[in-house]
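These notes are about the structure you will find just below.
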Amino acid sequence: MSVDSSDSSIISQMRAITISREYGSGGGEIARRLAKRLSWGLIDHEAVIRVAQELGVSEAEAAVHDEYAEGLVSRILSSMQAVDPAMYATGPVSLTTNAQEYHKALEKVVTSAATAGHVVIVGRAAQIILAGQRDVLHVRVVASIEQRVPYVMLREGLDQDAARKRIQTKDRDRVRYLQTQYRFHPEDPHLYDLVLNSNIIDLDSIVDLINLALERKASQLSTPTENLGPGTGLTRYPTQPGDFRLSESAT
């Protein structure tokens, strides 16, 4: 599915796409392909090594933070570099700064990235931080554990037991972070415009679906909020539903 010039014009009104994913569902790869197709920026975990080099800290130290609480530290730093390289002018950022300071910085970075526009943000609680912005599309990618284990085995060269344990650890850390900081669970479907299962649908087709949803949401940006929702354009049922019963208080 290609994007023609008219679609591109509409899509350009959107500022960001957030990608939440179960570990091993292919969400990170989907984000990469989506950013490439749209020619948008990508904020993901692969910047950890570059950030460690820039800051003069070990890759292992950055990776430890990236494994815990959705990559809080390294993601903030990589995002800072992507959004505003000048932010490094004040010197290296210490990885020992307390978690709350990093949390505040994370929100600032995600908001700044969306303001700059045309960026795909993987994780970082962006679906919550940017929840109030209509020009952001929120997506979650899931898959069964039976499908995710082989994916992680293939991509990371792990045996079955190690892959399963890694998935469980990563998922647990992501859930804990969202619940601790925001009192939300990443599996809450109301956080997203689109929830996609990669069990059967291939990754490129999922990119197609996200692209279509992005265009459709963009086309509604000028629509008043009161004119949105599943009832738009519908009329009353011709007859009452078969299971309709008046409450005793209404009789």
For Asp159, indicate whether it is among the charged types (D, E, K, R) and modelled with pLDDT of 95 or more. yes
Could you list, in sequence order, all residues of segment 159-175 that are closer than 20 Å to Val141 by Cβ and more than 16 Å from the chain's Cα centre (by Cα)? Ala163, Arg164, Arg166, Ile167, Gln168, Thr169, Arg172
Considering (1) part of a loop (DSSP other than H, G, I, E, B); (2) among the β-branched types (Val, Ile, Thr); (3) in contact with a helix residue (DSSP H, G or I) (Cβ under 8 Å, 6 or more places away or on another chain), say which one Thr223 fails and leave the rest. (3)
Segment 175-207, residues that are touching an Asp or Glu at 6+ places or on another chain (Cβ under 7 Å) and closer than 13 Å to Gly24 by Cα: Leu203
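Condition check ((1) part of a strand (DSSP E or B); (2) surrounded by 20 or more Cβ atoms within 10 Å (Cβ to Cβ); (3) touching a His at 6+ places or on another chain (Cβ under 7 Å)) across all residues:
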| site | (1), (2), (3) |
| --- | --- |
| Ala131 | no, no, no |
| Leu137 | yes, yes, no |
| Arg164 | no, no, no |
| Thr169 | no, no, no |
| Asp173 | no, no, no |
| Leu178 | no, yes, yes |
| Gln181 | no, no, yes |
| Asp208 | no, no, no |
From Glu187, Glu146, Glu156, residue being in contact with a strand residue (DSSP E or B) (Cβ under 9 Å, 6 or more places away or on another chain) and either of a type in the set (Phe, Trp, Tyr) or over 28 Å from Ser12 (Cα atoms) (or both): Glu187
Please enumerate the residues belonging to segment 104-113 that are over 17 Å from Tyr182 (Cβ atoms) and under 14 Å from the mean Cα position of the chain (by Cα). Ala113
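The values are calculated or read from the model by the stated rules, or taken from the named source; none is laboratory data. Please read these numbers as outputs of a predicted model, since none were measured by experiment. Note: ideal-geometry Cβ built from the backbone for every residue, glycine included; neighbour counts use all protein chains shown.
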